[in-house]
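Novice: Structure incoming, see below.
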Amino acid sequence: MKSLSYLNKYLIKYKWRLLFGVLCIIASNYFGVEMPKIVKGAVNDFIGNINPNETFKNIAFLSLKLFGFYMLLSLGKGFFLFLTRQSIIIVSRFIEYDLKNEVYEQYQKLNYSFYKKSKTGDLMNRISEDVSQVRMYLGPGLMYTINLVILFAFCITTMLRINVSLTLIVLAPLPVLSFLIYKVSSKMNAFSKAVQVEQSLMSTIVQETFSGIRVIKAYLREREMNQKFNESAENYKAKTMKLVVVNALFMPTIVFLIGLSNLLAIYYGGLLTYSKQITPGDIVAFVYFINMLTWPFASVGWVTSINQRAAASQERINEFLRIQPEIVNTSDKPLGNISSIEFKNVSFKHENAGIDAISNLSFALKSGETLGIVGRTGSGKSTLLNLVMRQLDPTSGEILVNHENLKSINLDAYRRQSGVVPQEVFLFSDTIGNNIKFGVNEREVDEKELIEVTKKAHVYHNIQEFSTGFETILGERGVNLSGGQKQRISIARALLRKPNLLLLDDCLSAVDTETEDIILRSLAEESKENMTLIVSHRISSLRFADKIIVLENGAKIEEGTHEELISKAGIYSEMYEKQLADSEK
Ligand SMILES: Nc1ncnc2c1ncn2[C@@H]1O[C@H](COP(=O)(O)OP(=O)(O)OP(=O)(O)O)[C@@H](O)[C@H]1O
Ligand SMILES: [Mg+2]
């Protein structure tokens with residue numbers, strides 16, 4: 001339950017609304033407790049008035065008066081109940097909103113390395129399922145708990161005022177009830193935890209199925225995936241069933257114990273009436289009170305399980321919020337134009353990998369230069385670019401930007417000056433225009449500029465073919481682009497930022513050599529002023545580079561210009577010969 005204390009700051013934030021809610025609960029219970037008193041009065045009056053001398057008119061008048069009072073009290077109770085819900089349930093919605101924003105902000109803060117090791121289904125659960133559970137505690141959970149306490153206080157004081165011994169006897173089954181509720185709810189807690197874990201697993205499977213549906217279908221794995229899901233659903237069902245059994249036993253036990261209280265009220269109350277210690281109306285009022293307490297007490301189990309689920313959920317949210325992003329911006333110093341980048345004996349090892357992805361790498365790059373990076377697959381090219389972008393920090397060595405350690409410069413300013421075309425292109429389900437404008441929000445972008453960059457990325461003619469042009473919607477609700485088209489849109493997106501530092505990770509792999517040539521020429525034009533790092537499998541893509549690094553197992557094994565490397569007869573020239581031969585086939 002300790003984990004829920006995290007929410008106190010929000011409860012404090014909405015303290016006035018909550019206080020109003022509590023006052024409404026008090027008011028509504030005040031009216032509620034007055035109602036049995038009317039019934040009691042009615043019973044006593046009628047018993048006292050049933051004699052032959054009383055006229056029918058008088059009885060009818062009495063009834064009508066009681067009816068009126070009762071109605072007024074009901075209205076009062078209902079009105080304040082409405083206000084209670086309006087305040088407390090609304091607060092729970094407000095806090096849900098705040099908490100979702102807090103979780104979402106944390107999503108944004110966490111780094112690349114965190115996302116590499118987290119499952120999407122699990123991450124989704126944090127903001128949807130877990131926050132919902134917490135809201136149940138803040139809304140109904142809190143409301144019913146406060147209500148129970150206040151109602152109990154009201155009922156008990158009224159009952160004690162009528163007769164102390166009757167109250168004690170009638171309430172005798174209560175400790176048994178509380179003990180049972182406690183026992184059952186801890187069982188419920190254990191079971192519901194297991195249910196939650198299984199649910200998280202299930203949503204991960206579903207999520208992976210959606211995103212991998214093409215692979216699944218291509219490899220005819222539908223049945224296996226179905227089986228996997230069925231197994232998980234089966235587990236989920238089994239665990240939920242256990243929970244259901246406990247839940248099912250719960251209500252009858254409560255009803256039995258309440259019934260017992262009612263019997264005691266009638267039996268012992270009867271004896272007290274006989275000895276004139278209480279009136280018959282008091283017995284009726286007692287039965288009424290006991291039944292008023294029934295539902296709130298019965299719901300203790302439900303509320304406890306809500307609260308415990310919420311505690312488990314909040315614990316997971318807290319754990320998530322406690323994760324410190326490894327890479328944070330520590331400086332707000334302005335940053336001049338990026339004019340140089342230098343790697344000094346940089347090594348990087350992925351957390352769970354045995355070998356260095358980048359090993360003792362040094363190189364330097366100045367404004368106006370283009371660095372080409374080649375190497376076999378897995379040689380560390382993308383890791384190198386991630387280091388340059390500070391998506392990752394070196395395990396050892398340092399990266400200098402404008403002769404200053406990258407770790408100490410203003411990261412936001414640095415990233416604002418860069419444009420990245422990642423190896424795995426990502427486009428949002430939005431219009432083509434908005435996708436290209438994604439990286440530019442500080443200024444208005446007009447159509448002319450869009451045309452300019454898309455021409456540079458050699459994708460304008462494709463966009464023109466769509467009847468809606470830049471307004472064409474991509475993805476789920478719209479058209480699907482080819483791999484090469486996506487890559488070129490992604491290039492246009494980076495170019496629109498007019499970056500001083502342009503990083504291209506194998507971004508021409510899906511286009512033909514002719515298109516590649518056109519794009520490279522316009523990029524060469526572009527890169528006169530800025531720094532460009534271009535990764536490619538294809539040697540031909542690097543011919544405009546001023547310098548080329550050949551990576552193998554994260555280490556630099558060759559370095560030089562295209563011509564120098566060709567004449568060296570090393571791995572670079574070998575790759576070149578091979579690719580040349582392939583293209584001539
Ligand atoms: N998150 C990670 N955890 C552990 N190892 C990783 C991780 N990401 C990459 N690696 C490893 O680091 C090495 C370099 O990977 P990287 O993605 O930089 O290669 P690459 O040269 O870009 O390959 P490709 O040409 O296929 O894109 C590989 O051995 C890879 O298995
Ligand atoms: Mg790569």
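The values are calculated or read from the model by the stated rules, or taken from the named source; none is laboratory data. What you are looking at is a predicted structure, and each value in this text was computed from that prediction instead of being measured. Glycine gets a Cβ as well: all are built from the backbone with ideal geometry, and neighbour counts include every protein chain shown. Heavy atoms of the whole protein, side chains included, go into the accessibility calculation; ligands, DNA and RNA do not. Shrake-Rupley method; radii C 1.70, N 1.55, O 1.52, S 1.80 Å.
Novice: Could you please let me know if Leu23 is at pLDDT 95 or above and either under 30 Å from Pro325 (Cβ atoms) or in a helix (DSSP H, G or I) (or both)?
Specialist: yes
Novice: Would you check which residues across segment 408-441 are more than 19 Å from Met531 (Cα to Cα) and in a helix (DSSP H, G or I) and list them?
Specialist: Ser408, Ile432, Gly433, Asn434, Asn435, Ile436, Lys437
Novice: Among Asp98, Asp122, which is the only one that is among the acidic types (Asp, Glu), modelled with pLDDT under 85 and under 30 Å from Leu411 (Cβ atoms)?
Specialist: Checking each option against the conditions leaves just Asp122.
Novice: If the requirement is being within 12 Å of ligand 1 (Cβ to nearest atom) and surrounded by fewer than 20 Cβ atoms within 10 Å (Cβ to Cβ), which of these qualifies: Ile355, Ile323?
Specialist: Ile355
Novice: Sticking with this one: Taking only segment 388-398 into account, find how many residues are surrounded by fewer than 20 Cβ atoms within 10 Å (Cβ to Cβ) and near ligand 1 (Cβ under 10 Å from one of its atoms).
Specialist: Qualifying residue count, segment 388-398: 0.
Novice: Now for a different question. How many of the residues making up segment 358-369 are within 16 Å of ligand 1 (Cβ to nearest atom) and open to solvent by 20 Å² or more (accessible area, probe 1.4 Å)?
Specialist: The number of residues fulfilling the criteria is 2.
Novice: Asn500 passes all but one of (1) touching a strand residue (DSSP E or B) at 6+ places or on another chain (Cβ under 7 Å); (2) modelled with pLDDT under 90; which number fails?
Specialist: Looking at each condition in turn, Asn500 falls short on (2).
Novice: Touching a strand residue (DSSP E or B) at 6+ places or on another chain (Cβ under 6 Å), free of Cβ contacts under 8 Å to residues at least 24 places away in the same chain and either farther than 30 Å from Pro394 by Cβ or surrounded by fewer than 19 Cβ atoms within 10 Å (Cβ to Cβ) (or both): does that describe Glu564?
Specialist: Taking the combined requirement at face value, the residue does not satisfy it.
Novice: Helices (runs of 4 or more DSSP H) wholly in segment 163-224 with at least 3 residues that are under 20 Å from the mean Cα position of the chain (by Cα) - which ones?
Specialist: Answer list for segment 163-224: 173-211.
Novice: On to the next question. Is it the case that segment 214-231 has a residue that's free of Cβ contacts under 8 Å to residues at least 24 places away in the same chain and among the aromatic types (Phe, Trp, Tyr)?
Specialist: Yes, there is a match, as at least one residue in segment 214-231 is free of Cβ contacts under 8 Å to residues at least 24 places away in the same chain and among the aromatic types (Phe, Trp, Tyr).
Novice: Of the residues Lys15, Lys57, Lys9, which single one is without any contact (Cβ under 8 Å) to a residue 24 or more places away in the chain, of a type in the set (D, E, K, R) and within 30 Å of Thr279 (Cβ to Cβ)?
Specialist: The conditions single out Lys57.
Novice: Please go through segment 376-385 and pick out each residue that is within 9 Å of ligand 2 (Cβ to nearest atom) and open to solvent by 30 Å² or more (accessible area, probe 1.4 Å).
Specialist: Within segment 376-385, Thr377, Gly378, Ser382 meet the criteria.
Novice: Please work out which one of (1) under 29 Å from Glu447 (Cβ atoms); (2) in the same structural domain as Ser362 (by TED's automatic domain parsing) is the condition Ala492 fails and give its number.
Specialist: Here Ala492 clears every test but (2).
Novice: If you check every pair at least six apart or on different chains, which have Cβ atoms under 8 Å apart with a residue in segment 375-387 that is more than 6 Å from ligand 1 (Cβ to nearest atom) first and a residue that is outside any strand (DSSP E or B) second?
Specialist: Asn386/Tyr112; Asn386/Leu392; Leu387/Asp393; Leu387/Pro394
Novice: Separate question: Are there any pairs, at least 6 apart or on different chains, whose C-beta atoms fall under 7 Å, with the first in segment 64-88 and surrounded by 14 or more Cβ atoms within 10 Å (Cβ to Cβ) and the second assigned to a helix (DSSP H, G or I) and among the β-branched types (Val, Ile, Thr), and if so, which?
Specialist: If the second residue must be assigned to a helix (DSSP H, G or I) and among the β-branched types (Val, Ile, Thr), the pairs left are Leu66/Ile38; Phe69/Ile38; Tyr70/Ile38; Leu73/Ile38; Thr84/Ile25.
Novice: Which of the strands (runs of 3 or more DSSP E) contained wholly in segment 337-390 include at least 1 residues that are polar (S, T, N, Q) and over 26 Å from Ser522 (Cα atoms)?
Specialist: It comes to 340-349, 356-366.
Novice: Does Val401 satisfy the condition of being within 16 Å of ligand 2 (Cβ to nearest atom), open to solvent by less than 20 Å² (accessible area, probe 1.4 Å) and not acidic (Asp, Glu)?
Specialist: For Val401, the condition - within 16 Å of ligand 2 (Cβ to nearest atom), open to solvent by less than 20 Å² (accessible area, probe 1.4 Å) and not acidic (Asp, Glu) - is not met.
Novice: It is to be established whether one or more residues within segment 179-200 are polar (S, T, N, Q), closer than 18 Å to Ile258 by Cα and assigned by TED's automatic domain parsing to the domain that holds Arg126.
Specialist: No, segment 179-200 contains no residue that is polar (S, T, N, Q), closer than 18 Å to Ile258 by Cα and assigned by TED's automatic domain parsing to the domain that holds Arg126.
Novice: Another one. Does Ala298 satisfy being assigned to a helix (DSSP H, G or I), modelled with pLDDT of 90 or more and among the hydrophobic types (A, V, I, L, M, F, W, C)?
Specialist: No; evaluated as a whole, the condition is false for this residue.
Novice: Right, Gly372: free of Cβ contacts under 8 Å to residues at least 12 places away in the same chain and either within 14 Å of ligand 1 (Cβ to nearest atom) or not assigned by TED's automatic domain parsing to the domain that holds Arg543 (or both) or not?
Specialist: no
Novice: Also, I was wondering about something else. I'm trying to understand the selection: among the residues of segment 404-430, which are surrounded by fewer than 18 Cβ atoms within 10 Å (Cβ to Cβ) and within 14 Å of ligand 1 (Cβ to nearest atom)?
Specialist: Of everything in segment 404-430, those that are surrounded by fewer than 18 Cβ atoms within 10 Å (Cβ to Cβ) and within 14 Å of ligand 1 (Cβ to nearest atom) turn out to be Gln423, Glu424.
Novice: Considering only residues that are at negative phi and more than 11 Å from ligand 2 (Cβ to nearest atom), which ones fall in segment 364-375?
Specialist: Across segment 364-375, the qualifying residues are Ala364, Leu365, Lys366, Ser367, Glu369, Thr370, Leu371, Gly372, Val374.
Novice: Right, something else. Select, from Asn307, Asn318, the only residue that is more than 16 Å from ligand 2 (Cβ to nearest atom), under 34 Å from the mean Cα position of the chain (by Cα), outside any loop (DSSP other than H, G, I, E, B) and modelled with pLDDT under 90.
Specialist: Matching residue, one of Asn307, Asn318: Asn307.
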